[in-house]
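Reading through the structure tokens given below for one structure.
The values are calculated or read from the model by the stated rules, or taken from the named source; none is laboratory data. Small disclaimer: the values here were computed from a predicted structure and weren't measured. Note: ideal-geometry Cβ built from the backbone for every residue, glycine included; neighbour counts use all protein chains shown.
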Amino acid sequence: MNAATGVPDPAERLIGQIRFEDPYEWLEADSPQAMEWQREQDARAAAELSGWAGHPVLRDAVAPCIARTLGTYAPLHRGEHWFRLGFAGEGARVEASDQPVGPSRVVVDPVALGGALDWFQPSPDGAYVAFGLSFGGDEQSVLHVVEVGTGELLPERIPFASSATVAWLPDSSGFYYNGGVAPDTVDPDKRLFFHRLGDTVPSAPEPITVREAFSLFPQVSGNGRWLAAVTSELDPRADLVKELPAGEWRRFLADVPGRGYGAFAGDQYVAILTDQAPRGRLVGIPVATATDRSTWRELLPESDATMFSVECAGDRLVLCELVGTYARLRVLTADGTLESEVPLPGRGVVMQLSRFGHYLTPGSPWMGTCISAGVGEFTFVYSSPTRSPGLYRYDCASRQLTELVPPDSDRLDLVVHDRVATAADGTVLPYQLVCRRGLDLDRPNSPQPALIYGYGGFNVSFVPGYLGMFTPFVDAGGVLVLAHVRGGGELGEAFWKQGRLGKRQTSYDDLYATAEHLVETGVTSTDRLALVGSSNGGLLASVALTQRPDLWRAVCALVPLCDMLAYTRDAYTSALVMEFGDPDDPAQAQFLYAYSPYHNVRSGAEFPATLFYCGANDVRCAPWHARKLAARLRDNTGSAHPILLRAVAGGGHQTVKYDPGQVAEWLGFLFRELGLTPMPNRSAA
């Protein structure tokens with residue numbers, strides 16, 4: 001930028017053989033000039049958002065709703081203890097108890113250690129807990145180990161353990177884990193390491209080369225004989241295997257197209273395969289003869305349900321599926337015989353941890369499992385849009401479902417309507433409407449204030465979980481719309497692949513088809529319709545406001561990516577080329593450029609009221625993306641609607657959804673623009 005005039009300089013750039021002017025390139029680097037600009041924009045936005053008259057009421061109303069999404073975790077039964085998450089005002093902590101519910105004691109108090117808990121995994125005998133601790137919202141975990149009996153921290157301080165998976169040996173003497181060699185901002189790739197408790201010298205990484213080192217994690221069989229290397233967070237597959245303790249690594253499922261991930265059941269690996277079965281089929285694979293497909297046995301064929309995860313609960317298999325985006329849990333014998341279907345409380349979702357709310361991620365033992373499995377039993381969290389998370393335990397032998405902790409809120413005054421839109425190519429696009437019971441959505445000439453929430457990427461299943469932070473919006477008379485667009489995995493592998501790489505425009509067109517259906521059917525109108533999305537959903541929102549500004553009264557992009565030609569400048573996001581494409585590849589640069597929000601701002605277009613809400617410490621979606629797009633929109637909009645940038649000091653990728661003060665700011669912005677008034681906190685909301 002020209003320091004004398006304050007006018008952006010039209011810097012010329014060449015990326016992927018695309019030559020273009022980039023007048024806001026100066027906002028990419030965290031230079032003193034750029035950071036000063038960010039602080040000015042943030043201060044302006046913070047004053048405006050917190051100064052809204054309804055902000056204090058909304059903050060008080062949203063706080064208990066968020067608390068209900070954070071506080072329920074399916075406890076793990078290990079040894080003599082049940083391990084669970086407890087939540088105090090400062091965040092999550094690990095607790096141990098003799099029972100799945102009831103009195104407990106704190107095993108890991110991250111606040112006392114000066115940080116935040118990212119993940120944890122108890123040892124098989126319950127004697128130890130490995131856990132990740134990070135600071136300032138940066139999610140850059142340091143691996144610690146605590147002895148449960150004494151509460152003593154062991155000497156282990158293993159850095160670069162963000163999103164780690166710890167796979168303990170059956171005798172609890174040590175574990176394999178996925179770790180890095182530098183911070184994610186420098187090198188996000190993971191390696192597999194072995195750590196024996198008490199060792200002071202780090203081990204060398206396992207000598208393997210994998211297809212997606214960005215997402216690599218270990219699995220150890222329950223009998224301690226096998227170690228698998230699972231790769232990819234998109235289509236996870238147990239690519240390599242070795243026999244412990246000293247066998248050589250060999251190819252396992254690496255030559256099987258698509259997903260090939262599941263659980264060890266003795267010397268058999270039970271996997272969900274999507275090769276020629278995009279919704280998944282369940283297959284038993286003898287580990288010793290895995291390369292000989294004639295030894296495989298299909299346990300369940302593909303059906304209309306989408307297979308999401310399979311776990312072993314002793315000698316039973318527990319299969320979690322999505323039927324039209326809603327969860328189904330079935331228990332099978334080891335040979336695939338259906339033994340029972342768990343009688344869920346209704347149509348909703350099943351998760352291990354309620355804080356993930358509307359997202360099920362494939363291939364992540366921390367985010368992508370639906371249950372906490374024990375021997376002959378398992379626990380899980382169930383919720384629906386109108387019912388807050390409750391905790392349940394299922395005994396496989398007796399087929400008895402027990403409600404351990406009832407939902408704090410069961411909103412009989414709210415209702416869910418399942419509807420469908422149709423994409424231009426004829427694809428059926430389901431969506432859910434959540435609103436107050438009795439609200440007439442089909443009355444002519446009476447459009448309601450509506451808010452679309454969506455994601456559509458990375459094969460993540462976007463599911464209809466508890467309203468949580470959106471509850472005050474519905475209480476105030478709004479209609480929440482949960483949109484299922486391609487790029488997500490809730491309707492199978494084909495649904496994901498039709499919205500990734502060069503086909504990502506399909507995801508955005510699906511969103512527009514859903515929005516247009518809402519308008520055509522009279523649910524809302526374009527002057528009463530808002531959009532919000534987070535992370536990849538923030539990209540979805542940013543694309544939508546630049547491609548179709550006519551559809552929205554207001555848009556809120558939470559922690560978004562906005563410049564898809566420069567997104568690989570950051571080490572963490574550079575690993576996402578497998579989903580988005582590589583801007584240095586001329587062919588892929590073309591389709592990235594075609595939808596990149598920053599590069600598609602039309603001068604004079606009447607953009608809707610827009611808020612970019614970021615965490616200043618976010619390593620996943622750095623705030624420079626929002627800086628550049630906010631600046632360009634503000635200088636080119638033809639409307640009088642505000643364009644705001646909030647970059648919360650000390651905030652990270654997740655705080656925008658879990659901190660009541662932050663949620664009240666961005667949700668209040670949407671309230672204000674749609675003319676809604678928040679209702680006071682209701683104790684059972």
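Conditions (1) of a type in the set (Gly, Ala, Ser); (2) part of a loop (DSSP other than H, G, I, E, B); (3) more than 30 Å from residue 314 (Cα to Cα), marked per residue:
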site: 182; (1), (2), (3): yes, yes, yes
site: 192; (1), (2), (3): no, no, no
site: 213; (1), (2), (3): yes, yes, yes
site: 219; (1), (2), (3): no, no, no
site: 224; (1), (2), (3): yes, yes, no
site: 229; (1), (2), (3): yes, no, no
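For residues that are of a type in the set (S, T, N, Q) and either within 19 Å of the chain's Cα centre (by Cα) or in the same structural domain as residue 214 (by TED's automatic domain parsing) (or both), scanning just the stretch 539-586, find the one that is surrounded by the fewest Cβ atoms within 10 Å (Cβ to Cβ).
574
Given the options 96, 74, name the one that is within 11 Å of residue 126 (Cα to Cα), in contact (Cβ under 8 Å) with a residue 12 or more places away in the chain and not acidic (Asp, Glu).
96
Taking the residues in the stretch 164-213 that are surrounded by fewer than 21 Cβ atoms within 10 Å (Cβ to Cβ), under 20 Å from the mean Cα position of the chain (by Cα) and at pLDDT below 90 as candidates, determine which candidate is farthest from residue 125 (Cα to Cα).
Of everything passing the filter in the stretch 164-213, 185 is farthest from residue 125 (Cα to Cα).
Among the numbered conditions (1) under 27 Å from the mean Cα position of the chain (by Cα); (2) at pLDDT 95 or above; (3) not hydroxyl-bearing (Ser, Thr, Tyr), tell me where residue 654 comes up short.
Evaluating residue 654 over (1) under 27 Å from the mean Cα position of the chain (by Cα); (2) at pLDDT 95 or above; (3) not hydroxyl-bearing (Ser, Thr, Tyr) leaves (2) as the failure.
Taking residue 123 as meeting all but one of (1) of a type in the set (S, T, N, Q); (2) in contact with a helix residue (DSSP H, G or I) (Cβ under 8 Å, 6 or more places away or on another chain); (3) closer than 28 Å to residue 151 by Cα, write down the number of the exception.
All conditions are met except number (2).
Within the stretch 524-535, count every residue that is crowded, with 24+ Cβ neighbours inside 10 Å and out of contact with any Asp or Glu (no Cβ under 8 Å at 6 or more places or on another chain).
7
Considering only residues that are among the polar types (S, T, N, Q) and surrounded by fewer than 23 Cβ atoms within 10 Å (Cβ to Cβ), look in the stretch 442-474 and name the one that is modelled with the lowest pLDDT.
Once the filter is applied, the top-ranked residue is 445.
I'd like to verify a number: residues in the stretch 432-474 that are farther than 29 Å from residue 236 by Cβ and among the small types (Gly, Ala, Ser), how many?
3
Could you check how many residues of the stretch 324-337 are in contact with a Leu (Cβ under 6 Å, 6 or more places away or on another chain) and either not assigned by TED's automatic domain parsing to the domain that holds residue 279 or not in a loop (DSSP other than H, G, I, E, B) (or both)?
2
Taking the condition of being farther than 21 Å from residue 326 by Cβ and among the β-branched types (Val, Ile, Thr), how many residues in the stretch 478-522 meet it?
Here the count works out to 3.
If residue 375 satisfies all but one of (1) in contact with a Gly (Cβ under 7 Å, 6 or more places away or on another chain); (2) more than 30 Å from residue 239 (Cα to Cα), what's the number of the condition it fails?
It fails just one condition, (2).
Which of the residues spanning the stretch 616-652 are of a type in the set (S, T, N, Q) and buried (at least 21 other Cβ atoms within 10 Å of the Cβ)?
Of everything in the stretch 616-652, those that are of a type in the set (S, T, N, Q) and buried (at least 21 other Cβ atoms within 10 Å of the Cβ) turn out to be 617, 637.
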